[in-house]
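The values are calculated or read from the model by the stated rules, or taken from the named source; none is laboratory data. Nothing here was measured: the structure is a model prediction, and the numbers come from that model. Every residue, glycine as well, gets a Cβ built from its backbone with ideal geometry; the counts of neighbours run over all protein chains shown.
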Amino acid sequence: MTKATATSPRPPISAAQPPRRRRNNPVSGALYFARGFAIVTRPGIRAYVVMPLLINTCLFTAGIYFGASWLGGFTEAMLPGWLDFLAWILVPAFVLAALMAGFYTFNLVANLIAAPFNGLLSEAVERHLTGRSPRSAGSDWRTFLAELGATLVAEVRKLAYVAVRSLPPLLLFLVPGVNVVAPILWLLVGAWMLAVTYVDYPMANHGIRFDELRARLRERSLLGFGFGGAVMAALAVPVLNFLVIPCAVAGATAMWVEQLEGAANAVPTAVAGEDDRRR
């Protein structure tokens, strides 16, 4: 029997293999994001990471520089006077929420700029995991340039959707008394919006409309909350937040391939090789 070499191309996975177990819990969602850090180091993937990483690093560096000066005063002003005795609990909560809100905003802007490159990265990850390219994804840089305008328009629409739904919990920070629960609500809404943001890249490569994306993700809402919550937590960690965009795109693509692709009762695409053994 001939032994396969390490450079042999990975063949497409047969649909006859046993179906992968469907998951719907926040721990599995968080693990998909963590798995993205390993995926982006794979040969054939690293080249697609450069531009999203560069864009993310530049914007986050600017955000840290300009945001550090007003963060402390802002969070103290948001705390109602009658809750001063709880300052040791609430001020750190407001600081954490404000950090995440700021990084979340910069993350959305970075995704808008990096959207075309994120789509190429997602395509490369899916090709690595399954041995095939998405049906509607471009195969060369000429196609990439031809579809650039449409990609940016779609990303602006997605950004508008996320911004409209993220604004109300942010405004609660300005309401005395009510702003005590604002950090919790903001974390939940922000986690869901981040899941929607990143899962959109592999689904868009397959021509799946945004409303169908949300419907599929709602079927596994706990999985989505776990993924988005892990992304949001990473956004608050210095240095680690520079890596969020490419790793989240890779993790969301793996989650799409294994959990979200196809109808709810369809057999999902399995993942071969080392990535499958990691689970």
Being surrounded by fewer than 21 Cβ atoms within 10 Å (Cβ to Cβ) and on the phi < 0 side of the Ramachandran plot is the filter here, so list the residues in the range 36-52 that pass it. F37, A38, T41, R42, P43, I45, R46, A47, V50, M51
If we scan the range 82-101, do we find a residue that is at pLDDT 70 or above, surrounded by 12 or more Cβ atoms within 10 Å (Cβ to Cβ) and within 20 Å of the chain's Cα centre (by Cα)? no
Is at least one residue of the range 219-233 touching a Pro at 6+ places or on another chain (Cβ under 6 Å), at pLDDT 90 or above and either at positive phi or not aromatic (F, W, Y) (or both)? yes
Take V199 and decide whether it is within 18 Å of G251 (Cα to Cα) and among the β-branched types (V, I, T). yes
Which condition number does N265 fail, the rest of (1) surrounded by fewer than 19 Cβ atoms within 10 Å (Cβ to Cβ); (2) at pLDDT 85 or above being met? (2)
